[in-house]
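Remarks on the structure that follows.
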Amino acid sequence: MRTLLARLKIPLLYVMGLFYITAGVTHFLNPEWFLQIVPPMLPAPLALVYLSGVAEIVVGVGVLIPQTRHYAALGTVALLVAVYPANIYMAVADVMGSELVQWGRLPLQAVLVAWALWYTDTYSETSTASVAPEQAD
């Protein structure tokens, strides 16, 4: 299993990066969708939608760059924690979609956090030279 995970780590890195970049761009292409899940007690909902979109693009690009991967992965965790109230609001306020989607997003956040944390140790034995930053001799 460990060997399989080691082989999947790099391809899944690109999947993760593209996932966040795409999600971030979607915040600008369809902000109305995201506005629906901003909890009403938060100020400036449109600004928050755009800010979270920028953050997703930044972490998505950041995880693809070996020199910024560690910090971008940690930033991804922070972002997931920051947007969690929107996921809770989506579930309890019955804002959109099926109940499966609304409630399924809540535990999915833990999976996404674990996925991001996987890339915080770029020097682990499951890393490969092609994605680890160069070490000075």
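Ala114: of a type outside the set (Ser, Thr, Tyr) and more than 30 Å from Leu4 (Cβ to Cβ), yes or no?
No, not satisfied.
Give all pairs with beta carbons closer than 8 Å in which a residue from segment 23-35 that is on the phi > 0 side of the Ramachandran plot meets a residue that is at pLDDT below 95 and surrounded by 14 or more Cβ atoms within 10 Å (Cβ to Cβ); count only pairs at least 6 apart in sequence or on separate chains.
Going by the 8 Å Cβ cut-off, there are no qualifying pairs.
What single numbered condition from (1) modelled with pLDDT under 95; (2) surrounded by 11 or more Cβ atoms within 10 Å (Cβ to Cβ); (3) of a type outside the set (Gly, Ala, Ser) fails to hold for Leu18?
Going through the list (1) modelled with pLDDT under 95; (2) surrounded by 11 or more Cβ atoms within 10 Å (Cβ to Cβ); (3) of a type outside the set (Gly, Ala, Ser), Leu18 breaks only (1).
Considering only segment 24-127, give the helices (runs of 4 or more DSSP H) lying wholly within it that have at least 3 residues that are loosely packed, with under 14 Cβ neighbours inside 10 Å and of a type in the set (Lys, Arg).
Fully inside segment 24-127 and qualifying: nothing.
If you go through segment 54-64 one residue at a time, do you hit one that is at pLDDT 95 or above and on the phi > 0 side of the Ramachandran plot?
No, segment 54-64 contains no residue that is at pLDDT 95 or above and on the phi > 0 side of the Ramachandran plot.
The values are calculated or read from the model by the stated rules, or taken from the named source; none is laboratory data. If you're wondering where the values come from, they're calculated on a predicted model, not measured in any experiment. As a convention, Cβ positions derive from the backbone with ideal geometry for all residues, glycine included, and neighbour counts pool all protein chains shown.
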